Amino acid sequence: VWGLVGGTNEVAETPWEGLRREIEEEIGDISIKKTIPLETFISNDTKFKFHTYLCIVPNEFIPKLNFEHNGYAWVSFNNWPKPLHQGLRNTLQNKQNLTKLQTVFQLVSLMEK
């Protein structure tokens, strides 16, 4: 199942700090140009909350995967690998999220020209 870097925040850790720590633990210390909040999901009972971020990196890189992953892929927009983790599939099927992603990818593409 294809998913994203992620995990639970440590005690007194902000979502941003948790994101940075999870990235470093799961794929290594990478250079990030920009971090953009994509969505926040809160369960109906409000006991479970997760944040999804889009991280802009200067170049493709080979991640240093930890035990939580056994592969990675760089993919084109809307050409997602299958099968996707249910949460990621829901995120990528949300029209508002897709619009945000398309806008960011278009801006990044224009900046590279």
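Summary of computed values
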quantity	calculated
Lysines with Cα under 21 Å of LYS100, excluding same-chain neighbours fewer than 8 positions away	LYS33, LYS34, LYS49, LYS113
Percent accessible area from carbon and sulfur atoms, the chain, protein chains only, probe 1.4 Å	53
Loop sites in region 64-113: chymotrypsin sites (Phe, Trp or Tyr not before Pro), DSSP, at most 11 other Cβ within 10 Å	PHE67, TRP74
Contact order relative to length of the chain, as percent, for alpha carbon pairs under 8 angstrom and 6 or more apart	25
Cα gyration tensor shape for the chain, rounded if a/c is under 1.5, else prolate or oblate	rounded
Accessible area (Å², per residue) of the chain, counting only protein heavy atoms and a probe of 1.4 Å	76
Farthest positive-ward along region 24-73 dipole, Cα basis, beta-carbon charges - from ILE30, ASN70, TYR53	TYR53
Listed residues ILE42, ILE30, ILE62, most fluctuating in the chain (Gaussian network, C-alpha, under 10 Å)	ILE42
Selected from LYS33, LYS64, LYS100 as most flexible by GNM, with the chain as the system and alpha-carbon contacts under 10 Å	LYS33
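The values are calculated or read from the model by the stated rules, or taken from the named source; none is laboratory data. Everything numeric in this text was worked out from a predicted model, so none of it was measured. Cβ coordinates were reconstructed from backbone atoms using ideal geometry, including for glycine residues, and neighbour counts include every protein chain displayed. Ligands, DNA and RNA are excluded from the accessible area calculation, which covers all protein heavy atoms including side chains. Shrake-Rupley method; radii C 1.70, N 1.55, O 1.52, S 1.80 Å.
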